[in-house]
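Trainee: Following this message is one structure expressed as structure tokens.
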């Protein structure tokens, strides 16, 4: 006797299972066709990616509280709104530049600057390691 050869009982069970699976597949296919498409809602904290790549070094310096204020002032005048938005979060940015950024033409930058204007800016009393000769 061949142990891999199925008996009549195995063939009957396989036949009914095959029919059951086909019916189940068809029912699920019908349910899928009539199901409404779910719309993905983007979370509010996610921002769109920029069209052009941003220098990660520039962003790191714009966010670093130890970057000297003269560099931060240049970053506040950058053409890229992502860099201007990042520099708004820097506590070493002079308050005059933050006030200027609160009236920026880009709404996201202006909103970010006004949020940080309302908050008390911590004073960074460390030397700035990015200065030349340090």
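The values are calculated or read from the model by the stated rules, or taken from the named source; none is laboratory data. A quick note: this is a predicted structure, and the numbers were derived from the prediction, not measured. No Cβ is skipped: glycine too gets one built from the backbone with ideal geometry, and neighbour counts run over all protein chains shown.
Trainee: Anything in segment 102-134 that is modelled with pLDDT of 85 or more and part of a loop (DSSP other than H, G, I, E, B)? List them, or say none.
Mentor: 102, 103, 104, 105, 106
Trainee: Still on this structure: Quick one: would you say residue 96 is loosely packed, with under 14 Cβ neighbours inside 10 Å and under 16 Å from residue 56 (Cα atoms)? It would help to see each step written out before you state the result.
Mentor: Numbers: loosely packed, with under 14 Cβ neighbours inside 10 Å: yes; under 16 Å from residue 56 (Cα atoms): no.
No.
Trainee: Of these, 41, 54, 22, 99, which one is over 18 Å from residue 114 (Cα atoms) and outside any loop (DSSP other than H, G, I, E, B)? Lay out the reasoning, then the answer.
Mentor: Details: 41 fails: outside any loop (DSSP other than H, G, I, E, B); 54 fails: outside any loop (DSSP other than H, G, I, E, B); 99 fails: over 18 Å from residue 114 (Cα atoms).
Checking each option against the conditions leaves just 22.
Trainee: Within segment 86-96, track down each residue that is farther than 22 Å from residue 55 by Cα and part of a helix (DSSP H, G or I). Quick ask: steps written out before the conclusion?
Mentor: Initially, segment 86-96 is screened for residues farther than 22 Å from residue 55 by Cα, giving 94-96.
Residues satisfying the conditions are 95, 96.
Trainee: Residue check: is residue 49 assigned to a loop (DSSP other than H, G, I, E, B) and either closer than 24 Å to residue 89 by Cα or touching a helix residue (DSSP H, G or I) at 6+ places or on another chain (Cβ under 6 Å) (or both)? Spell out how you get there, then give the answer.
Mentor: Details: assigned to a loop (DSSP other than H, G, I, E, B): yes; either closer than 24 Å to residue 89 by Cα or touching a helix residue (DSSP H, G or I) at 6+ places or on another chain (Cβ under 6 Å) (or both): yes.
Answer is yes for this residue.
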